[in-house]
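The values are calculated or read from the model by the stated rules, or taken from the named source; none is laboratory data. On a predicted model such as this, the values are computed, not experimentally measured, just so you know. Here the Cβ positions follow ideal geometry from the backbone for every residue, glycine too, while neighbour counts run over all protein chains shown.
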Amino acid sequence: MIFDRDNWQEILSTIQKHKLRTFLTALGVFWGIFMLVFVLGMGKGLENGAFRGFGDRAKNVMYVWPESTTLPYQGFQPGRRPQFRLEDITAIQQNIPEVEYIAPRLSMNAAPVYYRDIGEPREIRGELKDMINIEALRLYEGRYINQPDIDEVRKVAVVGKRTAEVLFGQEEPIGKYIRIQGVEFRVVGIFGPVEIKPWTESDLEAVVIPLTTMYRAFGTGERVDYFVCSAAEQVQVSQVEPVVMSLLKQRHHIAPEDPRGGGAFNLEEQFQSIQNLFGGIKAFLWFVGIGTLLAGIVGVGNIMLITVKERTREIGIRKALGAPPGSIIQMVLTESILITSISGYLGLIAGTFIIWATSYLMRSNGVEIENFYNPQVNLTVGLSAITLLVLSGLAAGFIPARHAAGINPVEALRNE
């Protein structure tokens with residue numbers, strides 16, 4: 001039986017007689033599990049850092065902007081730069097049902113924005129209502145641009161958090177009026193990025209107004225600098241991209257085979273490529289970790305063979321007294337599993353502690369590394385490591401156990 005008291009006493013007695021040998025053997029398994037957990041935890045930190053750059057924005061989106069053409073087409077010469085317009089956005093909405101959200105933007109840079117006598121140059125963004133559904137933006141107060149604002153050409157504005165602090169100080173901004181190039185707008189919301197990064201700083205300082213209001217108030221014409229669109233549920237944006245680009249090329253007389261005329265950036269493809277990259281890295285880390293663990297398992301197997309050889313007479317006596325081969329196998333496997341389980345479990349705890357401590361120290365000290373964030377050991381890694389421990393113990397003791405079970409009692413009793 002596995003809980004045979006005499007069996008356990010013999011195993012513990014053998015371990016105590018050879019403390020140094022047992023320690024060095026266990027160290028190999030400890031180090032193997034420790035390295036497996038450590039490299040996977042740090043690899044997760046790298047993965048989190050890479051995906052953190054995407055923030056909370058939708059992943060199934062693409063950005064589209066005009067570019068100069070490279071081919072002549074329908075009487076138009078190459079080098080022409082098409083101008084996207086609001087009617088293009090409407091055409092996409094009406095003709096491509098796979099597009100869920102579409103958010104155009106027209107910007108006026110360094111436009112003076114005043115509240116009373118306080119003025120600052122800011123980027124003024126003309127938008128429709130869907131940008132906040134696509135980009136990683138958050139509302140601190142009030143609301144964002146809505147459809148009635150667009151339809152009724154309202155003079156309302158949503159200001160970036162930093163702009164609100166500069167213009168209003170300790171005053172409540174909601175309901176106050178700001179002036180943009182002499183036109184007054186009522187502040188209805190304060191917004192900013194979900195995470196402040198170098199590439200999201202502009203969101204803190206921008207001022208958003210309805211796109212239709214920008215057209216009427218500042219005479220910009222119904223232009224669009226660029227737009228962002230997301231695919232509907234269960235539809236990949238990579239499938240939508242060629243349809244959108246084909247429609248735009250048709251509307252703006254761009255040769256279908258022209259590689260330019262309209263630029264597009266597919267966030268889904270970048271997201272997928274990073275996922276594939278880290279899938280490969282994770283597989284490599286598992287390979288390295290398991291390889292290190294196997295070195296420890298080989299050490300345990302060798303020591304168990306030596307232990308069996310040292311206990312040959314004892315095993316022979318057991319068999320001569322009628323001990324079945326199964327009890328001999330169980331004795332050897334139990335010792336093997338005991339060594340690997342304890343040392344491996346300690347390695348698992350040590351690796352997990354180091355990863356946790358690294359993450360804690362980074363958070364508590366405000367340390368931010370661009371491509372490394374929140375290293376962690378997830379449940380899958382922990383369960384996999386425990387499973388490996390059990391299998392390692394069985395693998396390390398299997399050959400020595402079979403060898404012990406096959407010992408001839410007569411020859412064993414002659415052994416010196």
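Can you go through Ile342, Ile337, Ile355, Ile349 and tell me which one is aliphatic (A, V, I, L, M), at pLDDT 75 or above and farther than 26 Å from Met304 by Cα? Exactly one residue qualifies, and that residue is Ile355.
So that you can scan it fast, the table gives a plain yes or no per residue for (1) outside the structural domain of Ser336 (by TED's automatic domain parsing); (2) among the aromatic types (Phe, Trp, Tyr); (3) farther than 30 Å from Ile386 by Cβ; (4) within 20 Å of the chain's Cα centre (by Cα):
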residue	(1), (2), (3), (4)
Ala217	yes, no, yes, no
Gly221	yes, no, yes, no
Ala232	yes, no, yes, no
Val235	yes, no, yes, no
Gly279	no, no, no, yes
Ala283	no, no, no, yes
Phe287	no, yes, no, no
Leu293	no, no, no, no
Asn302	no, no, no, no
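The set of residues from region 98-138 being exposed (fewer than 15 other Cβ atoms within 10 Å of the Cβ) and assigned to a loop (DSSP other than H, G, I, E, B) comprises Arg116, Asp117. All conditions in (1) more than 30 Å from Gln74 (Cβ to Cβ); (2) in a helix (DSSP H, G or I); (3) β-branched (Val, Ile, Thr) hold for Val240, with the sole exception of (1). With respect to (1) surrounded by 15 or more Cβ atoms within 10 Å (Cβ to Cβ); (2) assigned to a helix (DSSP H, G or I); (3) of a type outside the set (Gly, Ala, Ser); (4) touching a Ser or Thr at 6+ places or on another chain (Cβ under 9 Å), the lone exception for Phe278 is condition (4). All of (1) more than 25 Å from the chain's Cα centre (by Cα); (2) among the basic types (Lys, Arg); (3) outside any loop (DSSP other than H, G, I, E, B); (4) at pLDDT 85 or above hold for Arg80 with one exception: (3).
The residue that is farthest from Leu40 (Cα to Cα), counting only those in region 350-371 that are of a type in the set (A, V, I, L, M) and exposed (fewer than 12 other Cβ atoms within 10 Å of the Cβ), is Val367. Of all residues in region 358-408, those being assigned to a helix (DSSP H, G or I), of a type in the set (Phe, Trp, Tyr) and at pLDDT 75 or above number 1.
Figure legend. Inter-residue proximity from region 278-307: first residues within 21 Å of Ala50 (Cβ to Cβ) and in contact (Cβ under 8 Å) with a residue 40 or more places away in the chain, second residues of a type in the set (D, E, K, R) and buried (at least 19 other Cβ atoms within 10 Å of the Cβ), beta-carbon distance below 8 Å, spacing 6+ or different chains. Indicated pairs: Phe278/Glu47; Ile281/Glu47; Lys282/Glu47.
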